Amino acid sequence: MSAETVPQASTGYAGSDAAFTRLGRSVPQSVNSGVRIRRGRTPFFASASGIMLTDVDGNRFIDTIMGYGPVLFGHGEPEILRAVHEQIDRSVICGAESARTAEVAERLIDWIPCAERIIFSSSGSEAVQAALRVARAATGRHLVLRFEGHYHGWVDPMHTNAAGTPAQRRRPAASGIDVQPNAIGQNDVTAQIVVTHWNDVGAFDAAVSAYADELAAVIMEPIPFNAGTYRADPGYLEHVREVCTRRGIMLIFDEVVSGFRAGRGGAQELLGVTPDLATFAKAVAGGFPLSAVAGSAAAMAPLVDGRLRHAGTYNANPVSIAAAEATTRLIASTSDLYTRMESTGSRLAEGLRSLASGREVPLRVNQIGSVLQLFWSAQGGLRDYASCSSSNSAVMSAICEGMLDFGVFSNGRGLMMLGYRHEPADVDRVLEAFALSLDRVLREVGDAVCGVHAA
Ligand code: PMP
């Protein structure tokens with residue numbers, strides 16, 4: 001393919017640049033979520049349809065991030081929009097439950113292995129907070145074991161030891177890894193959490209032994225999409241499951257990304273390991289704000305018997321529930337959803353790898369289903385947080401953000417999420433844009449910086 005086949009940003013970016021400057025006068029840094037901060041230009045989108053985004057200047061881009069996960073099908077998916085429009089015409093919020101919530105709840109309980117009971121809220125961070133509270137209530141214990149690099153939202157105890165800039169180093173941990181808040185202004189959470197390495201049986205056993213009867217929960221991304229996108233060694237998750245069961249600790253899978261994306265029963269279905277509790281958000285409602293905590297009847301007992309009450313003005317609001325009902329109906333009726341997303345993801349991963357080997361550049365690609373994580377690293381086989389985070393993020397950002405000029409919108413840290421509506425030809429256009437951006441970066445910053453031939 002030639003450069004002409006790739007949609008080029010032709011009308012300039014004056015509108016986006018002006019929107020960015022204007023927003024920055026009222027909204028700090030011109031963003032409402034830190035992940036939207038880019039090293040280069042920030043586009044402002046006027047509309048989205050299918051897999052295409054159109055910015056305020058009229059430039060069109062193939063989307064490779066799909067709202068950071070919620071858009072499993074396409075932007076403006078007709079069935080979802082129809083359901084939402086119908087609901088909006090009837091009511092938006094009434095301060096009471098809507099009858100349709102049972103349809104969604106029953107479908108999710110049917111699909112998700114750990115789910116016997118379910119509660120809804122609006123964002124992933126809230127669901128994680130609720131799951132931890134349920135686990136503490138169910139066990140009567142207070143400590144939570146988490147894993148370095150896994151992301152669980154921005155609530156204080158969980159906004160720690162994840163990708164990004166550690167804010168400060170607090171009290172060293174007695175076992176495992178020092179607790180590192182990710183933001184200034186956070187509470188001291190060292191008394192609430194223990195941090196250790198994921199996919200390391202020895203580190204896990206040591207952390208559990210050190211805190212034995214204090215641990216209420218172990219929380220993890222069962223596939224750490226935020227820490228590099230790779231799988232645990234065979235037997236690791238089973239080991240964690242067995243230890244949690246034996247020690248009376250609640251195992252929580254944070255399936256905010258993997259839920260409905262890795263499979264309709266989440267990563268727990270794909271991997272064959274069932275937690276006690278699991279959190280979901282993003283893809284469940286096709287872009288509308290809805291999250292959930294699902295769990296076994298035993299884990300959810302404090303809610304079932306009424307000792308613990310869940311709260312939230314927007315919880316299970318009728319519009320998000322209508323969106324979730326339509327999205328889950330679409331998931332149910334799309335028999336090739338996961339096979340197709342896997343083949344789209346592997347087409348892109350293979351294409352990127354062959355681009356890299358043709359140029360002898362140290363581009364590494366981890367891929368599971370529709371999610372890809374790209375790294376610029378001389379090291380191969382990146383399957384742990386330390387090696388993933390030692391990769392060269394500046395070069396990766398320059399290439400990924402640079403695709404904007406060649407008609408592709410991508411996240412600056414090398415994360416890509418594709419959807420069911422991406423066609424093989426779209427993947428080829430992304431590859432073309434990636435090659436153009438890569439070659440430009442190589443020309444501009446040179447072999448020395450990019451570590452060409454370093455692989
Ligand atoms: N858990 C995981 C695994 C996530 O990826 C995210 C968001 N990226 C969250 C929790 C927090 O979700 P939200 O941004 O909706 O609060």
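The values are calculated or read from the model by the stated rules, or taken from the named source; none is laboratory data. Since the model is a prediction, treat every value here as computed from it, not as a measurement. Note that we place each Cβ from the backbone using ideal geometry, even for glycine, and neighbour counts take in every protein chain shown. Heads up: the accessible areas ignore ligands, DNA and RNA and are worked out on the full protein's heavy atoms, side chains in. Shrake-Rupley method; radii C 1.70, N 1.55, O 1.52, S 1.80 Å.
Quote the accessible area belonging to PHE406 in square angstrom, nearest 10, computed with a 1.4 Å probe and with ligands, DNA and RNA left uncounted.
The accessible area comes out at roughly 30 Å².
Quantify, in whole percent, the carbon and sulfur part of the accessible surface of the chain (1.4 Å probe; protein heavy atoms only).
Whole-percent figure for carbon plus sulfur exposure: 52.
GluC sites (Glu not before Pro) within the stretch 323-407: which are DSSP loop residues with at most 12 other Cβ atoms inside 10 Å? Walk me through the intermediate numbers first.
Numbers: sites: GLU325, GLU342, GLU350, GLU360, GLU401; in loops: GLU360.
Loop-located and lightly packed - GLU360.
Using just the helices of the chain, give the 222 nm mean residue ellipticity in deg cm²/dmol: DSSP H runs with n ≥ 4 each add -39,500 (n - 2.57), and the total is spread over all residues, rounded to 500.
Values: 13 runs with 167 residues, N = 455.
-11500 deg cm²/dmol, from helical runs alone.
Over the Cα atoms of the stretch 14-53, each weighted equally, I'd like the Debye log10 I(q)/I(0) at q = 0.21, 0.23, 0.28 Å⁻¹, rounded to two decimals.
Reported log10 I(q)/I(0), two decimals: -0.71, -0.82, -1.04.
Along the Cα→Cβ direction, 7 angstrom out, place labels at VAL35 and ARG90. What is the inter-label distance in nm?
3.2 nm
P(r) tail for the stretch 195-269, what percent of Cα pairs lie past 22 Å?
Values: 594 of 2775 pairs.
So the portion of pairs separated by more than 22 Å is 21 percent.
Please work out the Cα convex hull volume for the chain and give it in Å³ per residue. It would help to have the intermediate numbers written out before the result.
Numbers: hull volume 68.1 nm³, N = 455.
That works out to 150 Å³ per residue.
Could you tell me whether the stretch 72-129 comes out rounded, prolate or oblate from its Cα gyration tensor? Rule is a ≥ b ≥ c as square roots of the eigenvalues, rounded for a/c under 1.5, then prolate if a/b exceeds b/c, otherwise oblate.
On the way: a/c = 1.63, a/b = 1.35, b/c = 1.21.
Prolate is the answer for the stretch 72-129, as a/c is 1.5 or above and a/b outweighs b/c.
Can you give me the long-range amide H partners of VAL194? Hydrogens built in the peptide plane at 1.01 Å from N, cutoff under 5 Å, separation of 5 or more residues or another chain.
VAL144, LEU145, ARG146
Send over the Kirkwood Rh of the stretch 304-396, from the inverse of the averaged 1/r over different Cα pairs, rounded to one decimal Å. Mind dumping the intermediate values first?
On the way: mean 1/r = 0.0588 Å⁻¹.
Evaluated on the stretch 304-396, it is 17.0 Å.
Express the Stokes-Einstein translational diffusion coefficient of the stretch 191-325 in µm² s⁻¹, to the nearest whole number, given a Kirkwood radius over alpha-carbon pairs, 4 °C and a viscosity of 1.567 mPa s.
Numbers: Rh = 16.1 Å.
Answer, rounded: 80 µm²/s.
Using a 1.4 Å probe, what is the accessible area per residue for the chain, in Å²? Working shown, then result.
Numbers: 18600 Å² over 455 residues.
Result: 41 Å² per residue.
Please identify the DSSP H helices in the chain that span no less than 20 Å along the helix axis (Cα) and have a mean Kyte-Doolittle hydropathy of -1.0 or more. Walk me through the numbers on the way to the answer.
Values: long enough: 124-139 (22 Å, 0.32); 318-333 (22 Å, 0.84); 337-359 (33 Å, -0.50); 424-450 (34 Å, 0.42).
Once both thresholds are applied, what remains is 124-139, 318-333, 337-359, 424-450.
How many angstrom lie between the C-alpha centres of the stretch 360-420 and the stretch 126-151?
30 Å
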